[in-house]
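S.K.: Below you'll find the structure I mean.
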Amino acid sequence: MKIKELSYSSSANLGPGYDILSLSHRAFKDEVEIEENNTGKIRIFSDNTPEDPMKNTAGLSLIQLMKDRKIKSGIDITINKGVPVGLGLGSSGASSSAAVKAFNKMFDLNLTNDEMVYYSMYGEIAACGSAHPDNVSSGIYGGMTLITSTEPVRVRKIDIKYKPHLMLVIPDIKIEEKTKLARSMVPKNIDIKDMVRQTSRLSLMLLGFLNGERQAIRDGMNDEIVEKSRNGLFPFYGEIKSMAIDENAVSACISGAGPTILIFTDERTNKNGIISGTDEILGKYGLNYKIVETEIVEGY
Ligand code: HSE
């Protein structure tokens, strides 16, 4: 029996929500098919992800899951990778969450969503050395998710009233081990004043999404801790964000660990202005890029 599942791309953080917020979008998707084999081994079939299961996000998640559930079968994992790697679009989490969903179905494990997030998170260790659950929560729940605890893993799906359209500005930059590097740039300690400002903005942004208040989303979606610490990796971000707001975008943020920029738009936004403004700004930096217009994935 073969079981296939998919997970979409996602944008983690959403400004002030470092490691606790994520949004699932239809821009790209990974499809993962699993099938039992009689070799007793996990084998990966994929054009563009590592074939060693210990280095593969989907492989590592299933290894942990099989160990905990004492399942000894051989498994073939075929990954059809649509989410581009290394661009802050939740690529590693998409493969691991799709694999865990497929495995759960194949072996009738009846895992809860949070248990599936827990196992999918192991894949992030293969990708960047740290098991953060934000992107993988998108692959399991869809929509906008909030991590309320990591030990044990607990996730709440946020029932947002304001559903903007999305524009992803995807610069053609590849940085070796980018997520690992970007995570190492985040400060280990912050001043209490910065903490107060950050929690205030995060709360305001969530109120904006929950109550449908456009201005609250714009005022809240600002981060001077994590995005600022990573600015050297994406020096064009500030210019793109202020240009997008001048064109009446709702707001913008770095998608996950970047370099993609996520712009929230609605009917009041001048999207053509954003397209030409982006061309001008990234042209100045000598960067090729892609703009993908997409929508939020409500759920699976
Ligand atoms: N929250 C993570 C980060 C997402 O910003 O490092 C990257 O996978």
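S.K.: In this structure, is Leu202 over 28 Å from Ser184 (Cβ atoms) and either assigned to a helix (DSSP H, G or I) or touching a helix residue (DSSP H, G or I) at 6+ places or on another chain (Cβ under 9 Å) (or both)?
M.R.: On the way: over 28 Å from Ser184 (Cβ atoms): no; either assigned to a helix (DSSP H, G or I) or touching a helix residue (DSSP H, G or I) at 6+ places or on another chain (Cβ under 9 Å) (or both): yes.
No.
S.K.: Residues that are more than 13 Å from the ligand (Cβ to nearest atom) and either more than 13 Å from Ser10 (Cα to Cα) or of a type outside the set (A, V, I, L, M, F, W, C) (or both): does region 120-132 have at least one?
M.R.: Going through region 120-132, the residues more than 13 Å from the ligand (Cβ to nearest atom) turn out to be 122.
Remaining after also requiring either more than 13 Å from Ser10 (Cα to Cα) or of a type outside the set (A, V, I, L, M, F, W, C) (or both): 122.
Yes, that holds for at least one residue.
S.K.: Of the residues Glu239, Glu213, Glu247, Glu227, which is at pLDDT 95 or above and farther than 30 Å from Gly283 by Cβ?
M.R.: On the way: Glu239 fails: farther than 30 Å from Gly283 by Cβ; Glu247 fails: farther than 30 Å from Gly283 by Cβ; Glu227 fails: farther than 30 Å from Gly283 by Cβ.
After ruling out the rest, the residue left standing is Glu213.
S.K.: Inside region 172-196, can you point out the residues that are within 16 Å of the ligand (Cβ to nearest atom) and part of a loop (DSSP other than H, G, I, E, B)?
M.R.: Once the filter is applied, which keeps residues that are within 16 Å of the ligand (Cβ to nearest atom) and part of a loop (DSSP other than H, G, I, E, B), region 172-196 yields Ile173, Lys174, Ile175, Glu176, Glu177, Met185, Val186, Pro187, Lys188, Ile190.
S.K.: Out of region 247-260, which residues are surrounded by fewer than 24 Cβ atoms within 10 Å (Cβ to Cβ) and within 12 Å of Asn272 (Cα to Cα)?
M.R.: The first filter runs over region 247-260 and keeps only residues surrounded by fewer than 24 Cβ atoms within 10 Å (Cβ to Cβ), leaving 247-248, 250.
Scanning region 247-260 gives Glu247, Asn248.
S.K.: Further, regarding this structure: Pick from region 66-77 the residues that are surrounded by 14 or more Cβ atoms within 10 Å (Cβ to Cβ) and under 16 Å from Gly123 (Cβ atoms): which of them is nearest to the ligand (Cβ to nearest atom)?
M.R.: Ile77
S.K.: Could I ask something else about it? Given the condition modelled with pLDDT of 95 or more and among the basic types (Lys, Arg), answer yes or no: does some residue in region 159-172 qualify?
M.R.: Looking through region 159-172, none of the residues is modelled with pLDDT of 95 or more and among the basic types (Lys, Arg).
S.K.: I need the full set of residues from region 230-257 which are out of contact with any helix residue (DSSP H, G or I) (no Cβ under 9 Å at 6 or more places or on another chain) and either within 16 Å of the ligand (Cβ to nearest atom) or part of a helix (DSSP H, G or I) (or both), in order please.
M.R.: Taking region 230-257 and keeping what is out of contact with any helix residue (DSSP H, G or I) (no Cβ under 9 Å at 6 or more places or on another chain), we get 232, 235, 241-242, 255.
Passing the criteria: Gly232, Lys241, Ser242, Ser255.
S.K.: Sticking with this one: Quick one: which of Asn104, Asn135 is in contact with a Phe, Trp or Tyr (Cβ under 9 Å, 6 or more places away or on another chain) and of a type in the set (S, T, N, Q)?
M.R.: Details: Asn135 fails: in contact with a Phe, Trp or Tyr (Cβ under 9 Å, 6 or more places away or on another chain).
Going through Asn104, Asn135 in turn, just one is in contact with a Phe, Trp or Tyr (Cβ under 9 Å, 6 or more places away or on another chain) and of a type in the set (S, T, N, Q): Asn104.
S.K.: Gly123 is checked against (1) in a helix (DSSP H, G or I); (2) touching a strand residue (DSSP E or B) at 6+ places or on another chain (Cβ under 6 Å) and fails just one. What number does that condition carry?
M.R.: (2)
S.K.: So Glu151 fits all but one of (1) assigned by TED's automatic domain parsing to the domain that holds Ser9; (2) modelled with pLDDT of 95 or more; what number is the exception?
M.R.: (2)
S.K.: Working only within region 133-143, note down all residues that are more than 11 Å from the ligand (Cβ to nearest atom) and among the hydrophobic types (A, V, I, L, M, F, W, C).
M.R.: Ile140
The values are calculated or read from the model by the stated rules, or taken from the named source; none is laboratory data. Keep in mind it's a predicted model, so treat the numbers as computed, not measured. As a convention, Cβ positions derive from the backbone with ideal geometry for all residues, glycine included, and neighbour counts pool all protein chains shown.
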